[in-house]
Number of protein chains: 2
Amino acid sequence: MSLPHAILTALLERPSSGLDLTRRFDRSIGYFWSATHQQIYRELGRLEADGHIRALPAEVPARGQKKSYEVLPAGRAELARWTAAPQEPKPHRDALLLRLRAAAVVGTDGLKGELARYLDLHERQLGEYREIEKRDFPPERDSAEDRLRHLVLRAGIDLETFWTQWLTHALAEFDRLP
Amino acid sequence: MSLPHAILTALLERPSSGLDLTRRFDRSIGYFWSATHQQIYRELGRLEADGHIRALPAEVPARGQKKSYEVLPAGRAELARWTAAPQEPKPHRDALLLRLRAAAVVGTDGLKGELARYLDLHERQLGEYREIEKRDFPPERDSAEDRLRHLVLRAGIDLETFWTQWLTHALAEFDRLP
DNA sequence: AGCATCATGTAAGTAGTTACATGATTAA
DNA sequence: TTAATCATGTAACTACTTACATGATGCT
């Protein structure tokens, strides 16, 4: 039950249309909670029906016409409730680690190329995060909001750093396998 | 489409019944691909229908009776194919980071306790992984299979190390917020 | 006989994915 | 006027989750 709350957060940061949100879920918010436009439109419908958001009054609210939403007080309250509520962490699922474990049984043929490809992807993502850090978090900015958002970005940077290091190590191990 | 392959891997490591698998998915394999018994039984049915596994011949294959499975050649081939095939990494979803970002908008009330709880959980998991490493990977063992499985465990250890460090840092930041 | 636990399932609901549909706007 | 793109959706399917059902086995 996190997608509606991801959308509420995004809309509180800035009222948006479905397509705006879709784009923001391709970067920013989407870095740790991805969503497709189909999911987003469906969820916007539900949030509106629940009275958590409302469409900004516009001329023609028809198909093909842009429709922006803003969060209502009930939506903000629900987001605050959810943020503070105890939640069990979801168990992870990582297909690459699974494939490595499978490779221990059926052989490593073809896997090395995948490791190299993943390394490249993670290095790119790391570079992107570092750009964002340089651009959005210069040393002088220091509000509470900035600190929290910077903390989230640091998690992303450190995670990508871990993956690049681990994949580099894994590739070196592959070269030393019989 | 990873669960069937997780099950094939587990069954190749050791033929098992549904409940055996469920237990193994609560540790080991489940550390990076979790599954409930309901998922497992359903998937065992499909894998059997597809000719990838078969039930070991037993007396009474009835409800309440233990039923063990082994992997057939077609199942091993499918696992090898899947292991080597290019796959796009799934975008991550992390509710805790999402909550932190929400907190930047609606306030951090109640979140600190959650961070402390998560830190405790990750520290425990890290301890567990280190026990496994000590027990299952003594320096003298060095087959290709061992190396690959050790690599997977190292990823787990390093990930948990990252989380404990990041959460410690986050808690310190929370204390310095206005 | 009664109860806990082992073991295998069914059913219903929710979330996420993939494929397709449709109208509006803009540029060649 | 056609094509590309913007923008909002519908439909069908797959994966996962939650709750419940049912028989077998062993213990007291």
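A few points about this structure:
- Candidates B:L21, B:L96, B:L121, ranked by Gaussian network fluctuation over chain B, Cα under 10 Å, top entry: B:L96
- With its label point defined 7 Å out from Cα along the Cα-to-Cβ axis, A:Q39 lies at 1.6 nm from the matching points of the other copies, in increasing order.
- Each copy carries a label point for B:E140 at 7 Å from Cα toward Cβ; from one copy, the others' points are 6.4 nm away, ordered from shortest.
- Taken over chain B, the alpha-carbon convex hull comes to 169 cubic angstrom per residue.
- Longest site-free stretch - chain B; sites: trypsin sites (Lys or Arg not before Pro), DSSP loop, at most 14 other Cβ within 10 Å: B:67-140
- Taking a ≥ b ≥ c as the square roots of the eigenvalues of the Cα gyration tensor, the range B:2-84 is oblate, since a/c reaches 1.5 or more and a/b is not larger than b/c.
- Look at the dipole of chain A built from charges on Cβ: of A:L12, A:H122, A:H92, the Cα furthest out on the positive end belongs to A:L12.
- Surface analysis of the range B:95-175 yields an accessible area of 46 Å² per residue, using protein heavy atoms and a 1.4 Å probe.
- The base-10 log of I(q)/I(0) for the protein assembly as shown, evaluated at q = 0.07, 0.08, 0.14, 0.15 Å⁻¹, reads -0.38, -0.49, -1.23, -1.32 [Debye formula, identical scatterers on Cα atoms, solvent excluded].
- Label point of B:R54 (7 Å along Cα→beta-carbon): distances to the other copies' equivalent points are 6.7 nm, sorted ascending.
- Comparing A:A102, A:A80, A:A155 in a Gaussian network model of chain A (Cα springs below 10 Å), the most mobile by mean-square fluctuation is A:A102.
- The accessible-area ordering, largest first, of the residues B:H37, A:H150 stands as B:H37, A:H150, per a 1.4 angstrom probe.
- In this structure the amide hydrogen of A:I53, modeled in the peptide plane, comes within under 5 Å of the amide hydrogens of A:E48, A:L72, none closer than 5 places in sequence on its chain.
- Between amide H atoms placed 1.01 Å from N, distances below 5 Å from A:F32 occur with no residue 5 or more places distant or on a separate chain.
- Rotational relation B to A, axis-closest Cβ in chain B, residue and distance rounded to whole Å: B:F162, 3
- Pairwise centroid distance, computed over Cα atoms, of the range A:1-62 with the range A:110-148, Å: 24
- Building the convex hull from the alpha-carbon atoms of the range A:106-159 and averaging its projection over directions returns 4.5 nm².
- Straight Cα distances below 16 angstrom link A:K67 to the aspartates and glutamates A:D20, A:E43, A:E48, A:E59, with same-chain residues fewer than 8 positions distant left out.
The values are calculated or read from the model by the stated rules, or taken from the named source; none is laboratory data. No experiment lies behind these values; they were computed from the predicted model shown. Neighbour counts run over all protein chains shown; Cβ positions are idealised from the backbone, glycine included. The accessibility values were calculated without ligands, DNA or RNA, using every heavy atom of the protein model including side chains. Shrake-Rupley method; radii C 1.70, N 1.55, O 1.52, S 1.80 Å.
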